[in-house]
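Following: one structure in structure tokens, then a few remarks.
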Amino acid sequence: MQLPAGFRVVHPATPLEEAAHETVRAIPAGSVASYGRVADWIGRPGRSRAVGRAMAGCPDDVPWHRVVNASGGLVPGHEREQAQRLRAEGVRVGAGRVQAPVPWWPGPVIRTRPARSSG
């Protein structure tokens with residue numbers, strides 16, 4: 001079946017997609033993360049391509065442009081828009097990639113429960 005131009009099939013987000021969206025929403029302006037690191041942070045190591053698919057179909061409130069490949073490369077076919085968005089946040093971009101020093105985000109803060117006293 002051929003869809004009209006501009007239409008896409010929308011499906012409920014999978015748990016992986018929801019986790020990726022939530023994590024990417026936490027990346028601050030002016031910082032970037034790689035697909036692989038996002039996959040690691042959501043407990044799905046090795047699933048960088050799945051994170052990429054999650055960014056391709058993400059809701060409008062997800063800053064997909066802050067996710068790049070492991071060497072800082074931009075999304076093929078969307079380089080111009082991604083570069084514009086990143087530059088607007090102060091990120092240096094050139095030749096299809098984030099320029100060194102890459103402003104890698106160190107990741108989400110993992111909240112741990114305080115140790116219980118045994119007394």
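See the values below:
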read-out: Residue in segment 9-20 that is nearest to residue 70 (Cα to Cα), counting only those that are in a loop (DSSP other than H, G, I, E, B) and among the hydrophobic types (A, V, I, L, M, F, W, C); value: 13
read-out: Lone qualifier among 115, 56, 83, 95 - being open to solvent by 30 Å² or more (accessible area, probe 1.4 Å), modelled with pLDDT of 95 or more, farther than 14 Å from residue 34 by Cβ and of a type in the set (Gly, Ala, Ser); value: 95
read-out: Residue count, segment 74-89 (criterion: out of contact with any Lys or Arg (no Cβ under 7 Å at 6 or more places or on another chain) and under 23 Å from residue 41 (Cβ atoms)); value: 6
read-out: Where a residue in segment 76-104 is free of Cβ contacts under 8 Å to residues at least 40 places away in the same chain and among the charged types (D, E, K, R) and its partner, wherever it lies, is open to solvent by less than 40 Å² (accessible area, probe 1.4 Å) and assigned to a loop (DSSP other than H, G, I, E, B), with Cβ under 6 Å and at least six apart; value: 79/96; 97/72
read-out: Output for segment 21-48, where each listed residue is small (Gly, Ala, Ser) and in a strand (DSSP E or B); value: 33, 34
read-out: Residues that are assigned to a strand (DSSP E or B) and in contact with a helix residue (DSSP H, G or I) (Cβ under 8 Å, 6 or more places away or on another chain), drawn from segment 69-103; value: 93, 98
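The values are calculated or read from the model by the stated rules, or taken from the named source; none is laboratory data. Given the structure is predicted, the values throughout are model-derived calculations rather than measurements. For neighbour counting, all protein chains shown are included, and Cβ atoms are generated from backbone atoms with ideal geometry for every residue, glycine included. To get the accessible areas, we keep the full protein, side chains included, count just its heavy atoms, and leave off ligands, DNA and RNA. Shrake-Rupley method; radii C 1.70, N 1.55, O 1.52, S 1.80 Å.
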